[in-house]
1. Can we say THR225 is within 16 Å of ligand 2 (Cβ to nearest atom), more than 24 Å from the chain's Cα centre (by Cα) and buried (at least 17 other Cβ atoms within 10 Å of the Cβ)?
2. Restricting to the range 143-152, name every residue that is more than 11 Å from the chain's Cα centre (by Cα) and not in a strand (DSSP E or B).
3. Looking at ALA180, ALA199, ALA211, can you tell me which residue is closer than 18 Å to ARG130 by Cα and either in the same structural domain as GLY116 (by TED's automatic domain parsing) or touching a residue at least 40 places away in the same chain (Cβ under 8 Å) (or both)?
4. Among the residues that make up the range 185-199, is at least one of them within 10 Å of ligand 1 (Cβ to nearest atom), in a helix (DSSP H, G or I), over 15 Å from ALA263 (Cα atoms) and not hydroxyl-bearing (Ser, Thr, Tyr)?
5. For the range 146-163, state whether one or more residues are away from ligand 1 (no atom under 13 Å from the Cβ), in the same structural domain as VAL77 (by TED's automatic domain parsing), at pLDDT 95 or above and of a type in the set (S, T, N, Q).
6. Those residues that are within 16 Å of ligand 2 (Cβ to nearest atom) and either of a type in the set (A, V, I, L, M, F, W, C) or surrounded by fewer than 16 Cβ atoms within 10 Å (Cβ to Cβ) (or both), I need them from the range 142-183; list them, please.
7. Would you check if ARG260 is basic (Lys, Arg), more than 15 Å from SER168 (Cβ to Cβ) and more than 12 Å from ligand 1 (Cβ to nearest atom)?
8. The conditions are (1) over 21 Å from ALA135 (Cα atoms); (2) in contact with a Ser or Thr (Cβ under 6 Å, 6 or more places away or on another chain), and GLY255 fails exactly one of them. Which is it?
Amino acid sequence: MPAPTVIARLPRALALALAAALAGCNAGDVATKAAPPAASGAGVVSDGAAGGGTAGGAGPAAGGAAVAFVGAAAAGVVPLRAPTLAEAPDGPLGAAIRRGHALMLATRDSLPGHVGNRLRCVSCHLDEGRRPRSAPFVGVYGQFPQYRSRSGSVISVEDRINGCFQRSLNGKPLPAASRAMRDMVAYLAFVSRGVPVGARVEGQGFGEVPALEPDTARGARIFATACARCHGADGQGTAIAPPVWGPDSYNIGAGMARPRTAAAFIRWNMPFDRPGSLSDQDAVDVAYYIDSKPRPDYAPKADDWPNGDPPADLPYATKAGRRLATRAAP
Ligand code: HEC
Ligand code: HEC
């Protein structure tokens, strides 16, 4: 945004036009703040501010939802509502969205050089990235670039996707400018339509589970009775479910290798055919059990959380250690 001093130096007509545009911007912000988030079908429209320049520019806004431009501070929590693939536009953008969707489902077959295990994106981002508390993709597009304590830097949405390629899929990153990456980003932007930039969506992430004391022996029993019929008694997967440990599972650097993240995912999403049937304690016990099992290493992991603020359940040591915890208490 040009500073007022810059406007003052511009020819008068141009300065007026600029000032009007800026005022319009502000008015949009205020109006959006005042509107209840649930009224996403009737929000304030601000062209070009799409949950993504390219995806928002072409084709109709899906579901009649308007895309409002708001700063992260102004945006609240909005309901999770994603357009269906049938609502994707025709033409090249729609084709990219559909290819991106296909890559999420057939990740390994489509990108064998980038996937090092038997998982696919939707193994953890269930229902094609639409399920609440299964790290849905809805609204995620508008939250990047984003500061991440894991890298200690601001990352792009492409960096985030590559984090899952390298860790969750134990594979190799895609070039940011590759067609496959652009297609996946097109899909993310598409399912994020209608969510204000910077807003959080209900059920974003994996949900919460209290920090209970884990009992891995109990976890082993839960695994045998509630999980093995699909993931195999040895955790190596079957025809209907992927491995949860061993050489073909997510690696040690993956978010799912942190037992509290796994516990939340399992609490709300597993067993696949009876989600929500486990107690918090069951989910914690079985998550610590599967995350205590061997899985591929991730060599760069020691560079994670370079500012010394790793999460408490991180299963590996970092070079920076836990600097914050050693600071004097107030
Ligand atoms: C083994 C499970 C797993 C697989 C497979 C996986 N992810 Fe993830 N993904 C995660 C976890 C865990 C997080 C959140 C990590 C955290 O923030 O703690 C995440 C976060 C994300 C986010 C950010 C979500 C948010 O709410 O900010 C995106 C985007 C994403 N993954 C895309 C992908 C894509 C694309 C693929 C396939 C190439 C993929 N993931 C495969 C587990 C997985
Ligand atoms: C009815 C079959 C079934 C049962 C029972 C089941 N799962 Fe799953 N699980 C699945 C399927 C299907 C997926 C997603 C696979 C996909 O779409 O690629 C999945 C995904 C997962 C994932 C993420 C992907 C991976 O392999 O790491 C974890 C972790 C997981 N399940 C853990 C569990 C745990 C723990 C239990 C027992 C409490 C359990 N599951 C019970 C079918 C099942």
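The values are calculated or read from the model by the stated rules, or taken from the named source; none is laboratory data. All figures in this text were calculated on a predicted structure; none of them were measured in a lab. No Cβ is skipped: glycine too gets one built from the backbone with ideal geometry, and neighbour counts run over all protein chains shown.
1. No: the conditions fail for THR225.
2. Result: PRO145, SER149, ARG150, SER151, GLY152.
3. ALA199
4. Among the residues of the range 185-199, at least one is within 10 Å of ligand 1 (Cβ to nearest atom), in a helix (DSSP H, G or I), over 15 Å from ALA263 (Cα atoms) and not hydroxyl-bearing (Ser, Thr, Tyr), which makes the answer yes.
5. Scanning the range 146-163 turns up at least one residue that is away from ligand 1 (no atom under 13 Å from the Cβ), in the same structural domain as VAL77 (by TED's automatic domain parsing), at pLDDT 95 or above and of a type in the set (S, T, N, Q).
6. Once the filter is applied, which keeps residues that are within 16 Å of ligand 2 (Cβ to nearest atom) and either of a type in the set (A, V, I, L, M, F, W, C) or surrounded by fewer than 16 Cβ atoms within 10 Å (Cβ to Cβ) (or both), the range 142-183 yields CYS164, PHE165, LEU169.
7. It is false that ARG260 is basic (Lys, Arg), more than 15 Å from SER168 (Cβ to Cβ) and more than 12 Å from ligand 1 (Cβ to nearest atom).
8. (1)
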